[in-house]
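Accompanying notes for the structure given below.
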Amino acid sequence: MNSPSSAAPAGRRAGKSLPRHPIFLLLLAVIAAVAVYVQLTYIPIDARVFGLFNNQVDLKVYRAGALHLLHGIPIYDGPIRGRFEYTYPPFSTVVLQPFGWMSKDAAVLVWSVLIVAALFWVVFGSFRALGYRADWRLAATSVSLVTVALLMEPVRTTIWYGQINVFLMAIVMWDLLRPDGSRLKGIGVGLAAGIKLTPAFFGLYLLVTRRWRPAIVAAVTGLVTVAVGAAIIPRGSWKFWTDKIFDSQRVGPTNTPANQSIRGALARIFTTENPSNGLWVLMSAVAIVLGLTAAYLAFRHGNEVLALALTGMTTTAVSPFSWGHHWVWFVPLLVVAVDFVLGALRNRRPLAAVGLLVLPVGLLLATFIWSFYLPDGAVGLRPFYGIGTFMNPVPDWFRWFGTQPYICVFGLTALATIAVCLTRSSNGSSADDARGPVDDGLGASSAVGPRR
């Protein structure tokens, strides 16, 4: 029986290969060129406020929090920039200090470049974890896929707002895609949770997958970040951990279309800003069981990229308030979907590959930067671009999906993963450790071994 930590290096030595045919490379170039063109023109890059780099409101808040700490100004006593309050743990202001030292323009440039670099690592690292060889073809494929991912509303909005979620995803994936025997595995989860609370959910994933040492490392690291914050700003830390942490309303109204959480969906369904807490807790419990069951099964079948994407989506679904840009976990999910297609091609099943294209294409369509353009403006902005499926008017028959597409993608992914894994388990395929490197039903190479 192979352990994950011993089997993973063997899988990476063997490695899946990408197509060598010039047509494949040409296709990558065409995809990247089209994606860049759409990015520059669909919502004009120089559009007032809505241009790709013309908002940066969250980066401004991060810089304000860092500057408040630097100059000894209270952070949690009220808005710190305009009407915006600081909603992150005290430790985050320490991490974000370098951006307070920079000018605004320098901070936007550095932040945006780092987001794209982190996206590249997430895509490249996901392919590596799925068993692909690290070569120039994989790098070219990753670059092409990054340009496509930038057309997904969560990713595009991350850059537009100057948000931090891509960095947190990259930290967690760097941490948890390492072999289980890695020293201090779990430290990335703890650090990410110290910057923003939601990655702490990955500690539960570690417990479900019975990796006790990484779970302990994550918990201890998280507590260290709390202690660091308390040592630097004791009064502010007390206020955050005893008061501000419980106030989701300070983020925004629960029923806003951009709140793509279960609580937001309930608020829209029942047309209220205060949906039933009991119903929300019940639905969230169902989502946690569904998401973590799917993640556990994906992990057991050797596909930790899918497992992490499912855990990240579960976290976002059950949070009291989740903006669209919190759903950056669609990026590794996109890699898994592409791997399905590539696996069919490697197995010389072109018709299956064509059919499987519905997975990455469907994901892109569900998360695309669909724009609702109002030339006369809205909410004080003229012109106005509503960005994302949920910001566009949809017919009544499509409201079940159109108003909360991300919850639907999460649910469908979890159910499909459970169905495929249970089907494979009933056929006995997940228990065969001696098989050679082949593509399994989850798009992962069995060379990395079933997880125990």
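The values are calculated or read from the model by the stated rules, or taken from the named source; none is laboratory data. This is a predicted model, so every value here is computed, not measured. So basically every Cβ, Gly included, is an ideal-geometry build from the backbone, and we count neighbours across all protein chains shown. Ligands, DNA and RNA are stripped out before the accessible areas are found, and what is left, the full protein with its side chains, is counted by its heavy atoms. Shrake-Rupley method; radii C 1.70, N 1.55, O 1.52, S 1.80 Å.
At a glance:
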item: Of residues in region 245-254 being modelled with pLDDT under 80 and not aliphatic (A, V, I, L, M), the one least open to solvent (accessible area, probe 1.4 Å); result: 252
item: Per-region count, region 255-276, residues in contact (Cβ under 8 Å) with a residue 24 or more places away in the chain and surrounded by fewer than 14 Cβ atoms within 10 Å (Cβ to Cβ); result: 0
item: Residue list for region 7-28, restricted to those being surrounded by 13 or more Cβ atoms within 10 Å (Cβ to Cβ) and either modelled with pLDDT under 85 or in a helix (DSSP H, G or I) (or both); result: 7, 8, 10, 11, 12, 14, 15, 24, 25, 27, 28
item: Residues being within 17 Å of residue 37 (Cβ to Cβ) and either without any contact (Cβ under 8 Å) to a residue 60 or more places away in the chain or of a type in the set (Val, Ile, Thr) (or both) - total across region 117-154; result: 4
item: Test: residue 43 is part of a loop (DSSP other than H, G, I, E, B) and at pLDDT 95 or above; result: yes
item: Residue that is touching a residue at least 24 places away in the same chain (Cβ under 8 Å) and either crowded, with 24+ Cβ neighbours inside 10 Å or part of a helix (DSSP H, G or I) (or both), where the choices are 190, 181; result: 190
item: Candidate set: region 31-48, residues that are free of Cβ contacts under 8 Å to residues at least 60 places away in the same chain and closer than 19 Å to residue 365 by Cβ; chosen: the one surrounded by the fewest Cβ atoms within 10 Å (Cβ to Cβ); result: 41
item: Residue check, residue 210 part of a loop (DSSP other than H, G, I, E, B) and either closer than 27 Å to residue 66 by Cβ or basic (Lys, Arg) (or both); result: yes
item: Condition broken by residue 134, with the remaining ones in (1) part of a helix (DSSP H, G or I); (2) open to solvent by 20 Å² or more (accessible area, probe 1.4 Å); (3) touching a Phe, Trp or Tyr at 6+ places or on another chain (Cβ under 9 Å) satisfied; result: (1)
item: Test result for residue 128, surrounded by fewer than 18 Cβ atoms within 10 Å (Cβ to Cβ), of a type outside the set (S, T, N, Q) and under 21 Å from residue 173 (Cβ atoms); result: no
item: Any hit, region 61-81, residues being within 20 Å of residue 153 (Cβ to Cβ), under 27 Å from the mean Cα position of the chain (by Cα) and not in a loop (DSSP other than H, G, I, E, B); result: no
item: Helices (runs of 4 or more DSSP H) wholly inside region 297-372 containing at least 1 residues that are free of Cβ contacts under 8 Å to residues at least 12 places away in the same chain and either open to solvent by 10 Å² or more (accessible area, probe 1.4 Å) or among the charged types (D, E, K, R) (or both); result: 350-356, 358-367
item: Hey, residue 72 without any contact (Cβ under 8 Å) to a residue 12 or more places away in the chain, closer than 28 Å to residue 320 by Cβ, surrounded by fewer than 21 Cβ atoms within 10 Å (Cβ to Cβ) and not aromatic (Phe, Trp, Tyr) or not; result: no
item: Those residues of region 386-408 which are among the aromatic types (Phe, Trp, Tyr) and buried (at least 20 other Cβ atoms within 10 Å of the Cβ), in sequence order; result: 390, 406
item: Given (1) within 20 Å of the chain's Cα centre (by Cα); (2) surrounded by 15 or more Cβ atoms within 10 Å (Cβ to Cβ), index of the condition residue 289 fails; result: (2)
item: Within region 218-240, considering residues that are within 23 Å of residue 172 (Cβ to Cβ) and without any contact (Cβ under 8 Å) to a residue 40 or more places away in the chain, the one surrounded by the most Cβ atoms within 10 Å (Cβ to Cβ); result: 218
item: Hey, residue 279 free of Cβ contacts under 8 Å to residues at least 24 places away in the same chain and in contact with a helix residue (DSSP H, G or I) (Cβ under 7 Å, 6 or more places away or on another chain) or not; result: yes
